[in-house]
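The values are calculated or read from the model by the stated rules, or taken from the named source; none is laboratory data. All values reported here derive from a predicted model rather than from experimental measurement. In this analysis, Cβ positions are derived from the backbone assuming ideal geometry, glycine residues included, and neighbour counts consider all displayed protein chains. For accessibility, only protein heavy atoms count, side chains too; no ligands or nucleic acids. Shrake-Rupley method; radii C 1.70, N 1.55, O 1.52, S 1.80 Å.
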Amino acid sequence: MEKLISIIVPVYKVEKYIHKAVNSILEQTYKNLEVILVDDGSPDNCPKICDEYAAKDKRVKVIHQKNMGLAAARTSGIIKAKGEYVSFIDSDDWIESNMLEKMTLAAEKNCADIVICDYKIFNGDEEKTCEIHRQKLNNEWTVERFRDEFLFDNYANFMCNKLYRKKLLNNIFIPNIIFEDLYVGAELFAKAKKIYYVKDCYYCYRVHASFTNMTQKTRRKYGLFIAWREHERVCEKYKCPPLMYSRMRAHKAAISLLVINEATGYLSEEERNDVESYLQMRAKQIVNLSLKHRMQLWTLKNMRPLCKTLGNISLYFDNLKQKKYKK
């Protein structure tokens with residue numbers, strides 16, 4: 001008998017896209033599915049649409065909750081999930097019709113805790129053209145090599161192009177930050193006993209223009225700092241080689257974050273103190289910082305008022321880069 005797969009779909013303000021996402025799941029060649037739609041307090045017609053799907057297909061289950069963010073929505077889905085395997089799909093993306101069949105077959109055949117597939121990136125509402133991302137992983141690698149390749153950030157650590165054995169997700173904490181995938185991936189890859197790569201593009205990822213204002217820029221940097229600090233913790237716990245790399249990334253993110261925060265004032269006092277305490281703790285450790293980050297760190301220590309100007313310059317160039325994306 002086919003193993004049950006739980007598909008967790010956080011839903012928030014995606015009325016325009018949700019039908020394509022959910023239909024792509026329900027039309028899978030693999031039929032033993034539990035589709036968990038987590039309505040995260042969506043203010044549009046998404047709650048109604050979710051209920052309509054549940055009324056039509058008994059495989060669909062709906063959770064309605066107040067708006068708490070993507071992390072809380074995924075956590076609610078994990079708690080409710082009863083499947084042997086779990087997959088995450090964002091409600092503005094979609095998947096190819098045989099994705100779950102092929103990935104479950106790979107998991108069962110290879111006793112894998114994590115199965116990874118390739119993915120396509122679509123720009124906004126454009127669905128005719130895409131960028132194909134082939135990761136060229138090697139199934140001859142040891143599980144430690146797989147783990148370290150992702151902890152070294154050599155491959156994008158999305159949650160959505162993977163199939164997880166449910167037990168791997170037990171007691172996993174998902175923080176309410178941007179880059180929560182990066183944060184969670186560290187522990188998951190460290191805990192996995194077997195990882196397998198399927199060389200096909202099954203996941204279709206829709207990219208929207210975003211992060212073009214000062215607050216979002218600071219949120220991104222804060223998310224990166226928290227995620228890389230988690231990588232550092234995991235590497236220390238499991239004695240992984242990427243420890244110094246993770247420490248360097250966390251250090252750089254903390255420096256950039258404090259500089260940008262001088263321009264935005266986004267961080268709470270508690271968050272700012274946390275970041276500054278981290279830098280003080282790491283002050284005497286040798287970390288391979290770039291000239292840019294060494295200059296920023298010197299400015300933070302010696303010419304703090306100048307950081308606001310540096311932060312605004314960083315935001316300006318970030319906005320220029322983001323203009324290439326269509327809304």
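Here are the numbers for the structure shown:
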read-out: Close pairs from the stretch 109-130: first more than 27 Å from ILE195 (Cβ to Cβ), partner open to solvent by 70 Å² or more (accessible area, probe 1.4 Å) and modelled with pLDDT under 90, Cβ under 6 Å, at least 6 apart; value: ASN123/LYS326; GLY124/LYS326
read-out: Enumeration of residues in the stretch 254-273 that are of a type in the set (Asp, Glu) and more than 16 Å from TRP298 (Cα to Cα); value: GLU269, GLU270, GLU271
read-out: Filter result for the condition that a residue is farther than 23 Å from ILE174 by Cα and modelled with pLDDT under 95, over GLN280, GLN216; value: GLN280
read-out: The stretch 161-175 residues that are closer than 13 Å to LYS82 by Cα, paired with ones that are among the acidic types (Asp, Glu) and open to solvent by 30 Å² or more (accessible area, probe 1.4 Å) (beta carbon under 8 Å, 6 or more apart); value: ARG165/GLU84; LYS166/GLU84
read-out: Filter result (farther than 17 Å from ASP200 by Cβ, polar (S, T, N, Q) and open to solvent by 60 Å² or more (accessible area, probe 1.4 Å)) within the stretch 101-145; value: THR129, THR142
read-out: Residue pairs meeting the criteria (Cβ under 8 Å; at least 6 apart or on separate chains; first within 13 Å of CYS46 (Cα to Cα), in the stretch 12-31; second open to solvent by less than 10 Å² (accessible area, probe 1.4 Å) and in a helix (DSSP H, G or I)); value: TYR12/CYS46; TYR12/ALA73; LYS13/CYS46; VAL14/ALA21; VAL14/CYS46; GLU15/CYS46; ILE18/CYS46; ILE18/CYS50
read-out: Those residues of the stretch 146-169 which are hydrophobic (A, V, I, L, M, F, W, C), under 21 Å from ALA250 (Cβ atoms) and crowded, with 20+ Cβ neighbours inside 10 Å, in sequence order; value: PHE150, LEU151, MET159
read-out: Some residue of the stretch 93-100 being of a type in the set (Gly, Ala, Ser) and open to solvent by 10 Å² or more (accessible area, probe 1.4 Å); value: yes
read-out: The stretch 305-322: number of residues that are open to solvent by less than 30 Å² (accessible area, probe 1.4 Å) and either among the charged types (D, E, K, R) or modelled with pLDDT of 85 or more (or both); value: 2
